[in-house]
Amino acid sequence: MRLSILIPVYNVNDYLSDLLKNLASNLLPDIELIFYDDASTDNSAAQIQNFKISNFSSKIRLLQGSKNVGLTCARDILINASEGEYIWFIDADDKVETTFFDNIMFILEKNNPDVLLFDYDVFFDETKRIKNRESLMFYPKNQLVYVNGKQIYQTAVLDGKHYFWNKIFKKELILGKVEYTIPAYEDIAYTPILLNQCKSFYYFTQTVLHYRIRNNSIAQKMSVKQAYGIEAYIGQAKYAAEVVKDRKSQAYLLYKASVYYYRMLRKIRKLNIPEHEKVELVGLSNQLFKLLPIPVWKLIIFLFIENMQGKALKLLMLFSFFKIKQF
C-alpha cells in the first residue's frame, strides 16, 4: 500500500457527501481510505457505510469509537490503523482535487520524498466564495529537494502554514514521534515536529485541497478548546529552542502565542455568553499564557534581535493596550 488517506469524522453529515464524491471518482489501487467516526450523533457513519458498499472496496475502512475522544486522539488512532507507506490527513468537511491523485502517486513512487507538500485554498461554507489561495515558502518547486530537518521546520513555522492536511508524510519517519494529547490545535503543536524528522521534500505547486470555513468548527466557534492554541504555540516554541536550536522560530512562535492570547481576550469581551463562561475562558487563557517562558517585554526585545521589528512593534502595541485597559 503506497498511501493511506486518514479522515477523522465527527458530526459532518452535511459536508461529508462533497468529500466522498471527490474520493469516489479516483480510488486508485494503491490507496486506502480509513475513516474514524468519533461517536457522531448524526448520519455520518451511515454515509460512509453506504459509500463503502457502493464502491465494493476492501481498501475503504470505517473505524468507530463508542465515545467521543476528540480530533487529536482520532488522528493517533488513524495513524496506528494505517498500512500505507505514506499517510495523508484530510478533514471530513473539506474538498480535494482528485484530478491530481495520479500526479501525487507518481511523485511518491518516483521521488520517494520524506514529505510531499502542496497548495490549497480557503473558502466560505455559506457563500462558497474563495477567501484566499495559499502557496508555500518552500523552494525549489516541483522537484525533490534534500535538506536538513531544521530548514524544513523553520520554513514551515515562519510561513505559518503548518497544517496536517496539505502534507503527505512518510509514515516510518513520524510514527511515535509525538503524543497526541493536546485537546485542540494539534496542527500547531505537532506538525512542525513531524517536519523536523524529514530530510527531503517535494513541493507540488497545485491547489490540491479546498479548506472549508464553517461557523461551527473548532477553529471558528469560541469555546474553551480555542484557548489551547496558546499552549500549542508555546509548546512548539519550547521544541524550537530545546530540540531544533532555532532562535528565530522560537521568537516567532512566542510572538504568535502572545498575539493569539491578546486576541482571545478581545474576542471574549465581545461574546454574548453568560458571565461565568467568560470567566472560565479568561481563566484558562490566563493559565495557559503563564507558560510563556519570558515576560512579554523581553519577548519584544527578542523579536528585535531576531530582525522581526514589525512583529515586535505590533506586540508592543497590543501589550500596551491591554496594560492600559487593566489599569
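Things worth noting here:
- Residue list for segment 106-143, filter: assigned to a loop (DSSP other than H, G, I, E, B), open to solvent by 70 Å² or more (accessible area, probe 1.4 Å) and of a type in the set (Asp, Glu): Glu126
- In segment 11-52, the residues that are within 30 Å of Glu109 (Cβ to Cβ) and in contact (Cβ under 8 Å) with a residue 60 or more places away in the chain: Leu16, Asp18, Leu19, Asn22, Leu23, Ser25, Asn26, Leu28, Asp30, Ile31
- Residues of segment 181-215 satisfying the condition of being over 24 Å from Tyr146 (Cβ atoms), outside any strand (DSSP E or B) and among the β-branched types (Val, Ile, Thr): Thr181, Ile182, Ile188
- Which listed residue, of Tyr146, Tyr153, is of a type outside the set (A, V, I, L, M, F, W, C), open to solvent by less than 20 Å² (accessible area, probe 1.4 Å) and farther than 18 Å from Asp91 by Cα: Tyr153
- Yes/no for Ile107 being over 30 Å from Gln226 (Cα atoms) and in contact with a Phe, Trp or Tyr (Cβ under 7 Å, 6 or more places away or on another chain): yes
- Residues of segment 151-165 that are among the aromatic types (Phe, Trp, Tyr) and assigned to a helix (DSSP H, G or I): Tyr153 alone.
- For segment 1-27, a tally of residues being open to solvent by 10 Å² or more (accessible area, probe 1.4 Å), touching a strand residue (DSSP E or B) at 6+ places or on another chain (Cβ under 8 Å) and not in a helix (DSSP H, G or I) returns 5.
- Residues of segment 156-170 satisfying the condition of being open to solvent by less than 10 Å² (accessible area, probe 1.4 Å) and touching a strand residue (DSSP E or B) at 6+ places or on another chain (Cβ under 6 Å): Phe164, Asn166, Lys167, Ile168, Phe169
- Within segment 120-132, not a single residue is touching a residue at least 60 places away in the same chain (Cβ under 8 Å), closer than 25 Å to Leu78 by Cβ and over 22 Å from the mean Cα position of the chain (by Cα).
- Residue within segment 142-160 that is closer than 15 Å to Val208 by Cα and at pLDDT 95 or above present: yes
- Residue match in segment 188-210 (condition: closer than 29 Å to Asp121 by Cβ, open to solvent by less than 20 Å² (accessible area, probe 1.4 Å) and in contact with a Gly (Cβ under 6 Å, 6 or more places away or on another chain)): yes
The values are calculated or read from the model by the stated rules, or taken from the named source; none is laboratory data. Just so it is clear, the model here is predicted, and its values are computed rather than measured. Note that each Cβ is placed from the backbone with ideal geometry, even for glycine, and that neighbours are counted across all protein chains shown. All accessible areas refer to the heavy atoms of the entire protein, side chains included, with ligands and DNA or RNA removed. Shrake-Rupley method; radii C 1.70, N 1.55, O 1.52, S 1.80 Å.
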